[in-house]
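What follows is a single structure, written as structure tokens, with notes after it.
FYI, it's all coordinate maths here, none of it is from the lab. Since this is a predicted model, take the numbers as computed values, not measurements. Positions of Cβ are generated from backbone atoms using ideal geometry, with glycine treated the same way; all protein chains shown enter the neighbour counts.
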Amino acid sequence: MTTWPSCTACWRASPASRRPATAAWSSWAPRRWSRCARWAAARATPPGRRSAPGCWACRCAAPRPRRPRSASPASRCGRRCGSHRAAPPPWPARVPRRVFRGCAARATADPSCRPHALPRPPARHRAPPRDQAGRGGGRPATRTRNQGLKIRGGTGVKIVDAQIHIWSSGTPSGLHRKVPAFTAEEALREMDAAGVDAALIHPPGSWDPGSNALAVEAARTYPDRFAVMGQFPPDKPENRRLIQGWKSQPGMLGLRWALLAPEEQAWLRDGTLDWLWPAAEREGVPVATMAGLFLPEFRRIAEAHPGLKLIIDHCGLVRTAQDDAAFARLEELVALARLPNVAVKATGAPHYSTQPYPYRNLHDGLHRIFDAFGPQRFFWGTDITRMPCSYRHCVTFFTEELPWLAGRDLELVMGRGLCEWLGWDLGRSP
């Protein structure tokens with residue numbers, strides 16, 4: 001006689017050769033003892049410690065009266081077993097060599113079944129444990145940094161923040177934390193708590209003139225955690241020679257100017273910065289800027305210097321706007337994706353929404369930008385010192401809340417794409 005699994009989870013996990021025909025299964029009546037994982041666990045328990053027989057399909061806890069078939073499935077033991085009989089069939093003579101682990105792999109919420117369930121093996125379909133300490137309820141932060149974050153069942157992924165600031169003096173501008181200093185060590189503590197492996201420092205020269213040297217020192221001290229997009233006053237002719245050998249400094253990967261002030265944006269039109277673009281192209285130095293403030297001028301620069309890698313900061317959105325108004329120039333932004341030397345940093349995204357986490361009104365706009373530029377030119381980042389949410393939320397917003405971002409694309413967006421674009425060798429994920 002064919003042995004049919006009497007537990008639905010075991011039946012689903014069993015080979016097709018052990019499953020009855022559809023017609024026979026529709027009138028499902030288990031014929032013999034199910035060789036499921038809970039049965040094996042109970043069989044291994046010394047006779048004196050076995051529980052009284054209840055549900056004979058998984059042999060859990062106390063006896064239960066037989067319920068009519070019309071009873072709610074929720075009232076059945078474990079919500080998975082297909083039969084409840086008052087008395088179990090005889091014990092088999094030996095423990096079967098092959099044990100179907102369906103019940104154990106799909107552990108029930110019934111506490112009475114848990115003592116008899118075997119330890120669950122690693123399984124691709126099982127999500128990682130939820131982060132109990134994270135304010136976002138995110139999946140994963142229990143890991144060592146070098147193991148990489150396991151995202152949606154994928155491989156270890158290096159999480160690299162495309163923009164943070166550190167400083168030692170001055171008064172931070174805008175919405176940044178109003179603290180006299182934010183050191184590399186403080187940044188590392190927050191990164192470790194959020195599961196971030198490395199970060200790209202942007203020295204805030206507008207309020208701390210010594211921040212460039214501070215960033216270089218951080219990259220020298222923690223070479224596997226920090227790199228730098230540095231800066232110098234570009235309007236001073238004596239500084240033009242600095243671009244030669246710029247990347248020879250420890251951790252230096254490029255240049256970055258926000259160009260927020262009106263007088264700084266005027267440099268784009270009065271010729272003050274005309275020397276910069278060909279020099280950076282010649283030296284192979286990528287340049288990042290808040291191009292969302294001056295997209296027409298930025299386009300002309302990108303078209304005139306196809307060998308110069310350019311990065312648009314903060315999603316290229318309207319800096320002072322939120323919600324739908326922040327995407328007012330979206331069409332002009334995505335049109336720049338046709339230029340292969342232009343990339344976008346998706347930094348500071350939560351700032352553009354007045355809604356709570358997970359900022360659902362940003363999802364479609366970010367999807368448009370991602371579709372236009374692709375995962376190799378769309379970089380996740382935070383600008384954490386001015387974010388309205390926790391560092392952990394900034395991570396899980398991308399790793400868990402954007403359904404269109406997964407697999408290899410997610411790996412590129414969360415760090416690998418940025419490292420490849422800038423030539424930052426952090427090693428490969430395991």
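Looking at (1) in contact with a Ser or Thr (Cβ under 9 Å, 6 or more places away or on another chain); (2) of a type in the set (Ser, Thr, Tyr); (3) within 22 Å of Ala325 (Cβ to Cβ), find the lone condition where Tyr391 falls short.
The single condition Tyr391 does not satisfy is (3).
Taking the stated definitions as given, is Asp197 of a type in the set (Asp, Glu), surrounded by 13 or more Cβ atoms within 10 Å (Cβ to Cβ), more than 30 Å from Ile301 (Cα to Cα) and touching a helix residue (DSSP H, G or I) at 6+ places or on another chain (Cβ under 6 Å)?
So Asp197 passes the test.
Please verify whether region 310-330 includes one or more residues that are touching a helix residue (DSSP H, G or I) at 6+ places or on another chain (Cβ under 9 Å), part of a loop (DSSP other than H, G, I, E, B) and closer than 24 Å to Gln244 by Cβ.
no
Can you spot a residue in region 316-327 that is at positive phi and surrounded by 16 or more Cβ atoms within 10 Å (Cβ to Cβ)?
yes
Residues that are of a type outside the set (A, V, I, L, M) and touching a His at 6+ places or on another chain (Cβ under 7 Å): does region 246-261 have at least one?
yes
Could you list, in sequence order, all residues of region 248-280 that are among the charged types (D, E, K, R) and either surrounded by fewer than 18 Cβ atoms within 10 Å (Cβ to Cβ) or more than 24 Å from Leu200 (Cβ to Cβ) (or both)?
Of everything in region 248-280, those that are among the charged types (D, E, K, R) and either surrounded by fewer than 18 Cβ atoms within 10 Å (Cβ to Cβ) or more than 24 Å from Leu200 (Cβ to Cβ) (or both) turn out to be Glu263, Arg269, Asp270, Asp274.
Out of everything in region 328-367 that is under 20 Å from the mean Cα position of the chain (by Cα) and hydrophobic (A, V, I, L, M, F, W, C), what residue ends up being surrounded by the fewest Cβ atoms within 10 Å (Cβ to Cβ)?
Among residues in region 328-367 that are under 20 Å from the mean Cα position of the chain (by Cα) and hydrophobic (A, V, I, L, M, F, W, C), the one surrounded by the fewest Cβ atoms within 10 Å (Cβ to Cβ) is Leu366.
Starting from region 163-180, keep only residues that are over 20 Å from Trp380 (Cβ atoms), then list their pairs with residues that are of a type in the set (A, V, I, L, M, F, W, C) whose Cβ atoms are within a distance under 6 Å, requiring at least 6 positions of separation or different chains.
Trp167/Phe182; Ser168/Ala181; Ser168/Leu214; Gly170/Trp207; Thr171/Trp207; Pro172/Trp207; Ser173/Trp207
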